[in-house]
1. Suppose every Lys and Arg Cβ carries +1 and every Asp and Glu Cβ carries -1, with no other charges. What dipole size does segment 42-115 come out with about its Cα centre, to the nearest 20 debye?
2. Quick check: Cα centre of segment 148-223 to Cα centre of segment 80-144, how many Å?
3. Where does segment 64-144 land on Rg/Rh, using Cα atoms and the Kirkwood Rh?
4. Suppose the chain between R36 and A195 were pulled fully straight at 0.36 nm per residue; how much longer would it get relative to their current alpha carbon spacing?
5. How many percent of Cα pairs in segment 159-223 exceed 19 Å?
6. For labels at T89 and K168 in the simple 7 Å Cα→Cβ model, what's the distance in nm?
7. Need the full-extension length gain, A124 to S160, defined as separation in residues times 0.36 nm minus the C-alpha distance. One decimal, nm.
8. Return P(r) of segment 93-198 (all Cα-Cα pairs; 5 Å bins starting at 0; whole %; ordered from short to long distances).
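The values are calculated or read from the model by the stated rules, or taken from the named source; none is laboratory data. These numbers come from a predicted model, not from an experiment. As a convention, Cβ positions derive from the backbone with ideal geometry for all residues, glycine included, and neighbour counts pool all protein chains shown. Note: accessible area is taken over every heavy atom of the protein model, side chains too, but ligands, DNA and RNA are not part of it. Shrake-Rupley method; radii C 1.70, N 1.55, O 1.52, S 1.80 Å.
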Amino acid sequence: MVTPPGAPPPDPDLPGRDHERPAAPRHRQLLRRLRRTRLAAIVRGPDPDAALRTVLALLDEGVSLVEVSLNTADALGVIRRAAAEAGPTAFVGAGTVLTEDDVARAREAGASWIVTPALTESVAASVRVVLPVLAGALAPTEAVAARRAGADAVKLFPASIGGPAYLKALRDPFPNLPFVPVGGVDLTGAGQYLAHGAVAVGVGSPLVGDAARGGDLDALRERARRFTALCAADTSRGQA
């Protein structure tokens, strides 16, 4: 198929279909990192200092993709401080991003990527400013629309509604769509989702526990090691 001059490039996930996606190098970093690490952590809580300690502990344990939900107390301050302390190699993102204003504030705070719970105006806003975006979707139509809107990957949310079997069913017609199940993903579920073709998993309380509320950081580190070991093993199997 020849692409006419000025037309958007073909979508590799939807053979024969076109959609607009910016070809900026920064915009490809999120999907590459998801495929390499297979894990994104989700931090939310009422204590900004505890949330910051949680983010830094996760990064220290090798969880290089960490999302700070905007319903965390002083979320933008947490993102700003975490990005400054962790340096440019860490991907500290903003989650529960709903509006164009949310995107602008997250970007100003230093967020490296954006996560949305649904296909809202925040997806297009992120694309316009070349911020990688993981867009929430549940139904097949939503998943396709998210990629066509410019999302780097599709956050399958809430994944707990259908579980790994639903992801498997989705991947039959859409084998190349990069799905990241989020919602109720524990260690066992993570392995099942990855086995069914998830590009990565997004994990909140089963990984973070009570750490973002001032809880045990040593326990958090131990859980992080278990999740990263599982994801690393899955990556190794995929490359074998």
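1. 60
2. 17
3. Checking Rg against Rh, the ratio lands at 0.98.
4. That pair, R36 and A195, stretches by 55.7 nm at full extension.
5. The answer is 36 percent, as a whole percent.
6. 3.8
7. Gain in length upon complete extension: 10.3 nm.
8. So the P(r) values, bin by bin, are 2, 15, 25, 21, 17, 12, 7, 1.
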